[in-house]
Amino acid sequence: MSLNSPILSRRSAEIAARFGAQAAGYEDHAGLQRDVARRLAALLPDLKAPRVLELGCGTGLLSRHLVARYPDGDFVLTDAAPAMIGECRRNLARTRARVTYEVMDAGAAGGHDDLDLIVTSMTLHWLRDPVATLERLRALLAPGGVLLFATLGPDSFAEWRTVLATEGLPSGIPDLPAIPGVVEEEHLTPDNDSLSFLRRMKAVGGLTPREGYAPLTPGALRRAIRATNERFGGRLTWHIVYGRLERT
């Protein structure tokens with residue numbers, strides 16, 4: 001297991017620290033992420049003994065599908081948070097698959113090439129330039145190799161963004177650009193109200209705002225929550241896109 005600490009950007013280090021702090025209890029609150037991993041796994045190609053790289057493995061929600069689908073594969077499972085990798089390793093402890101682990105910043109992934117499969121679930125939206133990252137990742141594939149991903153689409157949390165704009169409040173939601181290669185998408189509203197959404201996001205470590213964002217005051221936050229509940233019944237929409245790119 002390789003856990004030499006890479007050089008992370010300040011933002012990547014902040015995101016990794018927040019997720020890492022919640023690693024032990026992450027799966028207690030990650031029902032949506034588990035469902036996304038399951039749907040992404042349904043898109044896995046038929047391969048006999050692939051060389052596989054996973055970026056943002058977290059606690060192994062998608063990794064479990066990978067090692068089950070490809071029992072003769074070779075896997076490099078990576079995350080920017082060492083604590084997440086520790087949980088993933090424990091969750092896969094009984095697998096007989098050939099697995100190595102690395103601390104890796106998905107936005108600067110490298111060190112591997114001629115890969116048959118690269119996968120990443122719910123990680124791209126944290127990166128500074130997810131579109132450019134996808135192109136760099138595609139270059140790591142062997143000819144005919146496949147890159148699969150699931151990430152937030154541009155419609156995500158439209159209700160919250162609308163309320164903040166109406167109330168004249170800044171938004172900490174990172175930019176969510178259109179992503180190439182999308183083959184499926186879905187819109188989900190898993191939380192009963194906006195406060196439940198924020199609490200669950202905090203519980204999984206997912207509240208790192210965009211760079212340069214000044215957090216709302218407690219009063220402004222309460223006003224935004226109240227307005228979201230009044231205008232949209234407190235429901236916030238997750239727009240999940242699933243994509244496939246190949247190297248020809």
Checklist entry - Does region 155-178 contain at least one residue that is closer than 22 Å to PRO45 by Cα and not charged (D, E, K, R)? => result no
Checklist outcome for this item: Taking region 59-81 and keeping residues crowded, with 24+ Cβ neighbours inside 10 Å and over 18 Å from GLY110 (Cα atoms) leaves THR59, GLY60, LEU62, SER63, LEU66
Next on the checklist: Condition first: of a type outside the set (Ser, Thr, Tyr) and either assigned to a loop (DSSP other than H, G, I, E, B) or more than 14 Å from the chain's Cα centre (by Cα) (or both). Now tell me which residues in region 96-109 satisfy that.
Outcome noted: ARG96, ALA97, ARG98, VAL99, GLU102, VAL103, MET104, ASP105, ALA108, ALA109
Checklist entry - Just one of THR248, THR237 is under 30 Å from GLU135 (Cα atoms), open to solvent by 90 Å² or more (accessible area, probe 1.4 Å) and of a type in the set (Val, Ile, Thr); which is it? => result THR248
Checklist entry - Got at least one residue in region 178-194 being charged (D, E, K, R), open to solvent by less than 30 Å² (accessible area, probe 1.4 Å) and in contact (Cβ under 8 Å) with a residue 24 or more places away in the chain? => result yes
Checklist outcome for this item: Considering residues that are touching a residue at least 40 places away in the same chain (Cβ under 8 Å) and surrounded by 14 or more Cβ atoms within 10 Å (Cβ to Cβ), the number found within region 210-224 is 4
Checklist outcome for this item: Of the listed residues (ARG89, ARG38, ARG34), the one being touching a His at 6+ places or on another chain (Cβ under 8 Å), outside any loop (DSSP other than H, G, I, E, B) and either at pLDDT 95 or above or closer than 12 Å to VAL99 by Cα (or both) is ARG38
Checklist outcome for this item: Out of (1) surrounded by fewer than 13 Cβ atoms within 10 Å (Cβ to Cβ); (2) under 18 Å from the mean Cα position of the chain (by Cα); (3) part of a helix (DSSP H, G or I), the one ALA165 does not meet is (2)
Checklist entry - What residue, of THR78, THR59, is modelled with pLDDT of 95 or more, outside any loop (DSSP other than H, G, I, E, B) and among the hydroxyl-bearing types (Ser, Thr, Tyr)? => result THR78
Next on the checklist: So, in region 110-130, how many residues would count as being part of a loop (DSSP other than H, G, I, E, B), on the phi < 0 side of the Ramachandran plot and surrounded by 20 or more Cβ atoms within 10 Å (Cβ to Cβ)?
Outcome noted: 2
Checklist entry - What are the residues in region 5-49 that are closer than 18 Å to LEU148 by Cα and crowded, with 22+ Cβ neighbours inside 10 Å, if any? => result VAL36, ALA37, LEU40
Item to check | Among the residues listed as GLY25, GLY73, GLY58, the single one being on the phi > 0 side of the Ramachandran plot and of a type outside the set (Phe, Trp, Tyr) | outcome: GLY58
Checklist entry - With (1) under 20 Å from GLU27 (Cα atoms); (2) touching a Lys or Arg at 6+ places or on another chain (Cβ under 8 Å); (3) open to solvent by less than 10 Å² (accessible area, probe 1.4 Å); (4) not basic (Lys, Arg) as the list, and LEU207 as the residue in question, which single condition is left unmet? => result (3)
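The values are calculated or read from the model by the stated rules, or taken from the named source; none is laboratory data. As the structure is a prediction and not an experimental result, all values here were calculated from the model. Because the Cβ atoms are built from the backbone with ideal geometry, glycine has one as well, and the counts that use them run over all protein chains shown. These accessible areas exclude ligands, DNA and RNA; they are computed on the full protein's heavy atoms, side chains included. Shrake-Rupley method; radii C 1.70, N 1.55, O 1.52, S 1.80 Å.
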